[in-house]
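Structure first, commentary second.
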Amino acid sequence: MPARLILNADDFGLTPGINRAIGELSAADVLTSATLMATGPAFEDAVAVARANPALGVGCHIVLTDGVPVSHPTAIPSLIGSDGKSFRTSLLGFLQALLRGAINEDDVAREALAQVQKLQRAGIDVTHIDTHKHTHLFPTIARPLLHIAERTSIGAIRNPFEPEWSLALEQGSWLRRIGVRALGRLRPRFDAHPEIRNAKVLTTDGTIAISATGQLNADTLAEVLRALPPTGIYELCCHPGYNDRDLDHVATRLREHRNIEREALLSQIGLMLSQPNPPELIHYGNLGSFGALRELGQFTPNTGYEKVL
């Protein structure tokens, strides 16, 4: 079997311009998946784009830092920042709280469930989950997310670790590569979670281009696609969009580069598919028994009103 590749765009629902880019890339068959932010300012628009592009797999982009929760802040106190109503505004502050043991796993599970069920109540068949800033690298976050995924009929989660062959391409800044490689030491603990070990929640062999975030241009994308192994399942993490006025009003370090990533996907994915033995493009909803049921038209996703916790 050839390699299988998931082309996933993060930040679906952040702005109408990002949503428009995701819809256009899906229609052009150069994007297979996107993860939707439950509290994104353009959430309703993203739901409409998802409905208009039924071939697009849609996951839930769990946000635990730098945003507002779906849950009432009093229900998830360990996740709330100093203003008493929003998440901590920086990843560093979140990680400091995590390392101090100040993040309560029950709060993570409660908020993750609220975000997942908001998508499901909007009619989204949630194919997988991942996290803003890859916070589920850490066991304190991964454990409750896997618990929620299994109990809400979500069959997959992003593998938040970049494989060694991709890191060896030396993409992105040297400082980011060092950080990504150092965090790779947590992978054995991720693989040891019972939901992963027993294939209750599926994942990939790794996520490529994490180290290239913010620098994923056409040349960089072409290089990583050429290096893709002939077998295995991988996700390409990307952030395409339009750098417009709406983007000026949200906190993100990725602005002009969203245009560059959009153009890179348009120019390089078709070229990859024209080469001998290209990878099969899939989304997370194609994996495992849930994928087989979807193909047969027999999968019934959760409605978002089920009692889980």
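The values are calculated or read from the model by the stated rules, or taken from the named source; none is laboratory data. Everything numeric in this text was worked out from a predicted model, so none of it was measured. Glycine also receives a Cβ, built like all others from the backbone with ideal geometry; neighbour counts cover every protein chain displayed.
At a glance:
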read-out: Of the criteria (1) out of contact with any Ser or Thr (no Cβ under 8 Å at 6 or more places or on another chain); (2) of a type in the set (Gly, Ala, Ser); (3) assigned to a loop (DSSP other than H, G, I, E, B), which one GLY23 fails; value: (3)
read-out: Pair list, Cβ < 7 Å and 6+ apart or interchain, from segment 1-17 residues that are among the polar types (S, T, N, Q) to residues that are assigned to a helix (DSSP H, G or I); value: THR15/ASP246; THR15/LEU247
read-out: Test: residue in segment 236-251 that is in contact with a Ser or Thr (Cβ under 6 Å, 6 or more places away or on another chain) and farther than 20 Å from ASP205 by Cα; value: yes
read-out: Subset of segment 214-262 (residues that are under 30 Å from LEU287 (Cα atoms), among the basic types (Lys, Arg) and surrounded by fewer than 16 Cβ atoms within 10 Å (Cβ to Cβ)); value: ARG226
read-out: Elements of type helices (runs of 4 or more DSSP H) contained in segment 230-309, each with 3 or more residues being touching a Cys at 6+ places or on another chain (Cβ under 9 Å); value: 256-273
read-out: When residues of segment 97-138 are limited to those that are under 10 Å from LEU64 (Cβ atoms) and among the hydroxyl-bearing types (Ser, Thr, Tyr), the one surrounded by the most Cβ atoms within 10 Å (Cβ to Cβ); value: THR131
read-out: Output for segment 88-112, where each listed residue is over 26 Å from GLU306 (Cα atoms), touching a helix residue (DSSP H, G or I) at 6+ places or on another chain (Cβ under 7 Å) and free of Cβ contacts under 8 Å to residues at least 40 places away in the same chain; value: ARG88, ALA102
read-out: Pick from segment 155-186, criterion more than 20 Å from ILE6 (Cα to Cα) and among the charged types (D, E, K, R), ranking: surrounded by the most Cβ atoms within 10 Å (Cβ to Cβ); value: ARG177
read-out: Inter-residue pairs, beta-carbon under 6 Å, first polar (S, T, N, Q) and in segment 275-292, second modelled with pLDDT under 95, 6+ apart; value: ASN277/PRO2
read-out: Residue selected from segment 263-289 under the condition under 22 Å from the mean Cα position of the chain (by Cα) and farther than 18 Å from TYR234 by Cα, by the criterion surrounded by the fewest Cβ atoms within 10 Å (Cβ to Cβ); value: SER289
read-out: Any hit, segment 55-77, residues being free of Cβ contacts under 8 Å to residues at least 24 places away in the same chain, more than 27 Å from PRO240 (Cβ to Cβ), touching a helix residue (DSSP H, G or I) at 6+ places or on another chain (Cβ under 8 Å) and not in a helix (DSSP H, G or I); value: no
read-out: Members of segment 267-302 that are in contact with a helix residue (DSSP H, G or I) (Cβ under 7 Å, 6 or more places away or on another chain) and more than 19 Å from ILE157 (Cα to Cα); value: SER267, GLN268, MET272, PRO278
read-out: Which numbered condition PHE94 fails, given (1) surrounded by 21 or more Cβ atoms within 10 Å (Cβ to Cβ); (2) at pLDDT below 95; value: (2)
read-out: Per-region count, segment 113-139, residues β-branched (Val, Ile, Thr), touching a helix residue (DSSP H, G or I) at 6+ places or on another chain (Cβ under 6 Å) and part of a helix (DSSP H, G or I); value: 1
read-out: Hey, ALA50 in a loop (DSSP other than H, G, I, E, B) and modelled with pLDDT of 95 or more or not; value: no
